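What follows is one structure encoded as structure tokens, with my remarks underneath.
The values are calculated or read from the model by the stated rules, or taken from the named source; none is laboratory data. The model shown is predicted, which means the values in this text are computed figures rather than measured ones. Because the Cβ atoms are built from the backbone with ideal geometry, glycine has one as well, and the counts that use them run over all protein chains shown. Remember, those area values only see protein heavy atoms, side chains included, never the ligands or the DNA or RNA. Shrake-Rupley method; radii C 1.70, N 1.55, O 1.52, S 1.80 Å.
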Amino acid sequence: MVEVVEEGLLSRDIRDQSKYREFPEEEYDWILNAVQDASDSVFDGHGEDLDGHIAEILSDYAFEHDGDSGRDQACKLWAPKFNHTVDFYHPEKRIAIEVEKTQQKRVSDDILKFIKGGKTQHQYRQKIEFGCLVVPVNYGIRSDRSSTDNLFKEAMQNMEFVRSVLHVEDIAVIGYRIPAE
């Protein structure tokens, strides 16, 4: 099972939440359980990956890599002007989820997508009201072999830096450990 070792919320850990809504607890628990329920085999490159496992559990969410059509159009929040997508999206609940397995640069890109979604209106509501990042705490090994990159820490630092322009209600960050090979 995938081990979740860090959890953070923009509302609780970074900004005063007095004027914003908190991430819906039931949805957060559902996402957290989907991550924790995944077997370590999602990282071995054979068979189901972490995104695919989460998609099976979060069946109410549109999944970017829809097996039937390739890319689920519901995850293309800014088409046709921008071709960027989110990994998972629930249009009624206005929740976007990004799952990262590797690159540090993607975390800041994911936060930018949440900002853009918070500034984009659809039916008089923000397209993204809540975001969730699912990131590894131990990606790669630094050149001096001293430690690994902690994308959870990177995500929290990025949100701290741009908190004044985060046009979303709340962002949850779930940090998981990639098992040793």
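Heavy-atom accessible area with a 1.4 Å probe sorts R177, R15, largest first, into R177, R15. Applying D = kT/(6 pi eta Rh) to the chain, where Rh is the Kirkwood radius over alpha-carbon pairs, T corresponds to 4 °C and eta to 1.567 mPa s, the Stokes-Einstein value obtained is 78 µm²/s. What part of the accessible area of the chain, given as a whole %, is carbon or sulfur when the probe is 1.4 angstrom? Using a 1.4 Å probe with all protein chains present, the chain comes out at 46 percent carbon and sulfur.
The separation of segment 1-49 from segment 110-139, counted between C-alpha centres, amounts to 14 Å. Note on the chain: with charges restricted to the Cβ of Lys and Arg (+1) and Asp and Glu (-1), its dipole about the Cα centre is near 1160 debye. Only helices enter this figure: runs of n ≥ 4 DSSP H residues, each worth -39500 (n - 2.57), summed and divided by the residues of the chain, yield -8500 deg cm²/dmol at 222 nm to the nearest 500. Positive end of the dipole of the chain (Cβ unit charges, origin at the Cα centre): among V168, H90, V137, the Cα lying farthest that way belongs to V168. Per residue, the accessible area of the chain comes to 54 Å², computed with a 1.4 Å probe over protein heavy atoms only. With a 1.4 Å probe rolled over the protein heavy atoms of all chains, the accessible area of I171, I57 falls in the order I57, I171, largest first. Whole-Hz Karplus values for segment 123-130 come out as 6, 6, 9, 5, 5, 10, 9, 9 Hz, taken residue by residue from phi with 6.51 cos²θ - 1.76 cosθ + 1.60 and θ = phi - 60°; glycine and proline positions read x. For V5, nonlocal amide neighbours, meaning residues 5 or more places apart or on other chains whose placed amide H falls under 5 Å from its own, are G175, Y176, R177.
Highest GNM mean-square fluctuation among K101, K127, K93, for the chain modelled with Cα contacts below 10 Å: K93. Under a 5 Å amide H cut-off, with hydrogens placed 1.01 Å from N, L77 pairs with V86 among residues at least 5 apart or on other chains.
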